[in-house]
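Student: My questions will all concern the structure given below.
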Amino acid sequence: MTTSSDCKSIPVRQLYENLAYPDMSHPVMDPAVTGVAALLGGLTCVPPSHARILEIGCAGGHNLLPLAQRWPHSQFVGIDFAENAISRARHRAIAAGIFNISFQHTDLLHYDPPVEFDYIIAHGFFSWVPDEVKAALFKFCQRHLAPSGIATISFNLRSGWARRAPVIELVRHLCQSLDCDEMAAISLLLNAAPTSSAAAGDIRWILEDMLAKGPAILPFDDFSPLNDPWALEQFVTVSSRFGLTWLGEADPAENLPSALDDTSRNLLASISNDPMGLQSAADLLVGRTFRAGVLRRTDAPVHERFSAAALLDLAVRSGTSAPPPDHPAAPLYHVLAALGPQCHPVSALSAALPEIAPPQLARLLFEAISRGIVRPRIEPVPFDPQPPEFPCLDPLRLLYARERLPVVDAFHVPCSFPVAHYEVLAAMDGKRSQGALLEISRSHCPELDFEPWLAHLAGRGMFQTPPATSR
Ligand SMILES: C[S@@+](CC[C@H](N)C(=O)[O-])C[C@H]1O[C@@H](n2cnc3c(N)ncnc32)[C@H](O)[C@@H]1O
């Protein structure tokens, strides 16, 4: 039997059955990151190292598998209605020897397992499905989140997509008239677009962005059969009708978009002190297209205010760029940058800054986290940032390298490489010395500066220490 919602799902279903969605991990969906937003909202989450974690619309499992590999004592489930994607995901789990995960081929509309989850992830899902499925997602979260659980749902924002809509329309029109594909129409438009006015600049920027996304992404993105961007208030209000409470942005540095400069932030703050109104206005100002909201059950056990002690329990690393030298949180940034690329317990920071008392450190940390000066997680990420003598990728990274997929670093960031570099990565099984790998590198990619590249990979926590017997 086909229901009316099934009918609306048909073009979406056909798209995902016929074309493989590009494999990608999403750092902002990492429960060790989203747990921070929960903690700042007064909720104590189950540690993701011992949790039940579900991804809805998991495609080929690229995002979920590295998490399952990282936390062997947690249980993972991925669901998707694209059969090809689920069979790829299952195959990868078996090939990488990851057994704490199951993948189910099902439509969310018909999925009602007899379990609760501590973390629910839905990335690239919400805005691309009919209203009935959006409602089913909220209902599912309300029904299947554990009392202290959180759901992280990304969605497209009207503020940025309203600017793109006329350009999308234009490209579609051109494709129809010329019977050409989107990439050809975009190139043609870029060539013909005037450069003189601010509006023309905006159009150029959008066309260039489309071109950069490329033919693998565009059918699922700008040219998807369904794209329904919402405003932040709409997401918050509608989710609340389903018994869910919005805790904030998954990345606490993006509640106010990082693209917004200090002058605009101060101006905004002088006009409004409603945090939500402020965030929506900021989204409009920068033309933001995307958010990832963290939701809890409205009846979840929360503390009125998060405690400073909870902040001091976090793990942190330095942000991507140094703050101005006179910024009060600058010492935190510099200590972390000197400690190395790993994510360190806050105790390491307080040990290096004994002159800062804990309450003051907590205040500075909060400021540094909301401005992206310091990046928090709810658990440390230790690794040796020096390349080992026998570089060894874990079985999943090795598999991704052999399949020429983005290899996921210690912070859940997907890293893509030129085809020839994959030849070297795929040989990093812990049985070859740096010298042997250098030889492979010289023969496959003579242009590659091997040693700095290896150091870069080590600095991203790509290597594991192989057991002595495996060499
Ligand atoms: C845009 S892709 C996103 C994939 C992945 N989460 C990511 O962000 O990289 C959306 C996925 O949701 C799946 N999907 C869409 N509607 C669904 C439904 N009603 N039930 C289950 N899966 C669905 C599609 O098959 C597709 O794999």
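The values are calculated or read from the model by the stated rules, or taken from the named source; none is laboratory data. Computed from a predicted model, the values in this text were never measured in an experiment. As a convention, Cβ positions derive from the backbone with ideal geometry for all residues, glycine included, and neighbour counts pool all protein chains shown.
Results for (1) part of a loop (DSSP other than H, G, I, E, B); (2) modelled with pLDDT of 95 or more, shown as yes or no for each residue.
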| position | (1), (2) |
| --- | --- |
| Leu398 | no, yes |
| Ala410 | yes, yes |
| His421 | no, yes |
| Ala427 | yes, yes |
| Glu439 | no, yes |
| Ser443 | no, yes |
| Pro452 | no, yes |
| Thr469 | no, no |
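Student: Turning to a different aspect of this structure: So how many residues does region 255-279 have that are assigned to a helix (DSSP H, G or I) and surrounded by fewer than 20 Cβ atoms within 10 Å (Cβ to Cβ)?
Tutor: Result for region 255-279: 14.
Student: For region 34-42, indicate whether the set of residues that are buried (at least 24 other Cβ atoms within 10 Å of the Cβ), within 13 Å of the ligand (Cβ to nearest atom) and at negative phi is non-empty.
Tutor: No, the conditions are met nowhere in region 34-42.
Student: Just one of the numbered conditions (1) surrounded by 16 or more Cβ atoms within 10 Å (Cβ to Cβ); (2) at pLDDT 95 or above is not true of Gln464; which one?
Tutor: Gln464 satisfies every listed condition except (2).
Student: Looking at (1) in contact with a helix residue (DSSP H, G or I) (Cβ under 6 Å, 6 or more places away or on another chain); (2) touching a residue at least 60 places away in the same chain (Cβ under 8 Å); (3) among the hydroxyl-bearing types (Ser, Thr, Tyr), can you tell me which one Ser272 breaks?
Tutor: So the condition that Ser272 fails would be (2).
Student: Of everything in region 164-210, what is among the small types (Gly, Ala, Ser), farther than 25 Å from Leu284 by Cβ and modelled with pLDDT of 90 or more? Give them in sequence order.
Tutor: Residues satisfying the conditions are Ser177, Ala184, Ala185, Ser187.
Student: Next question, about the same structure. Enumerate the pairs (first residue in region 103-115 and farther than 19 Å from Arg52 by Cα; second residue anywhere and more than 8 Å from the ligand (Cβ to nearest atom) and of a type in the set (Ser, Thr, Tyr)) with beta-carbon separation below 8 Å, excluding pairs fewer than 6 apart on the same chain, so at least 6 apart or on different chains.
Tutor: As it stands, the answer is Leu109/Thr3; Leu109/Ser5, since those pairs meet every condition given.
Student: It is to be established whether one or more residues within region 234-249 are surrounded by 14 or more Cβ atoms within 10 Å (Cβ to Cβ) and of a type in the set (D, E, K, R).
Tutor: yes
Student: Return the total of residues in region 60-88 being within 12 Å of the ligand (Cβ to nearest atom) and either hydroxyl-bearing (Ser, Thr, Tyr) or without any contact (Cβ under 8 Å) to a residue 40 or more places away in the chain (or both).
Tutor: Going through region 60-88 one residue at a time, the tally reaches 3.
Student: Out of the residues in region 406-431 that are in contact with a Lys or Arg (Cβ under 9 Å, 6 or more places away or on another chain) and farther than 30 Å from Leu314 by Cα, which is surrounded by the most Cβ atoms within 10 Å (Cβ to Cβ)?
Tutor: Here the answer is Met428.
Student: Related question: When you scan region 346-363, do you find a residue that is basic (Lys, Arg), at negative phi and buried (at least 20 other Cβ atoms within 10 Å of the Cβ), even just one?
Tutor: Looking through region 346-363, none of the residues is basic (Lys, Arg), at negative phi and buried (at least 20 other Cβ atoms within 10 Å of the Cβ).
Student: Report yes if Leu353 is closer than 17 Å to Phe411 by Cβ and modelled with pLDDT of 95 or more, otherwise no.
Tutor: Spelling it out, it is not the case that Leu353 is closer than 17 Å to Phe411 by Cβ and modelled with pLDDT of 95 or more.
Student: Okay, moving on. Note down all Cβ pairs under 8 Å where the first residue falls in region 365-381 and is polar (S, T, N, Q), the second is not in a loop (DSSP other than H, G, I, E, B), and they're at least six residues apart or on different chains.
Tutor: From residues that are polar (S, T, N, Q), the pairs are Ser370/Pro252; Ser370/Ala253.
Student: I'd like to check something: does region 4-27 contain any residue that is more than 16 Å from the ligand (Cβ to nearest atom), touching a His at 6+ places or on another chain (Cβ under 9 Å) and hydrophobic (A, V, I, L, M, F, W, C)?
Tutor: There is no residue in region 4-27 that is more than 16 Å from the ligand (Cβ to nearest atom), touching a His at 6+ places or on another chain (Cβ under 9 Å) and hydrophobic (A, V, I, L, M, F, W, C).
Student: Next up: Among the residues of region 400-412, is any without any contact (Cβ under 8 Å) to a residue 24 or more places away in the chain, hydrophobic (A, V, I, L, M, F, W, C) and more than 30 Å from Glu249 (Cβ to Cβ)?
Tutor: no
Student: So which residues in region 323-332 are surrounded by 16 or more Cβ atoms within 10 Å (Cβ to Cβ) and out of contact with any helix residue (DSSP H, G or I) (no Cβ under 7 Å at 6 or more places or on another chain)?
Tutor: Passing the criteria: His327, Ala330, Pro331.
Student: Is there a residue being away from the ligand (no atom under 16 Å from the Cβ), assigned to a loop (DSSP other than H, G, I, E, B) and out of contact with any strand residue (DSSP E or B) (no Cβ under 7 Å at 6 or more places or on another chain) anywhere in region 281-300?
Tutor: Yes: one or more hits.
Student: Moving to a separate point now. Would you be able to say whether some residue in region 335-355 is touching a residue at least 12 places away in the same chain (Cβ under 8 Å), of a type in the set (S, T, N, Q) and assigned to a loop (DSSP other than H, G, I, E, B)?
Tutor: yes
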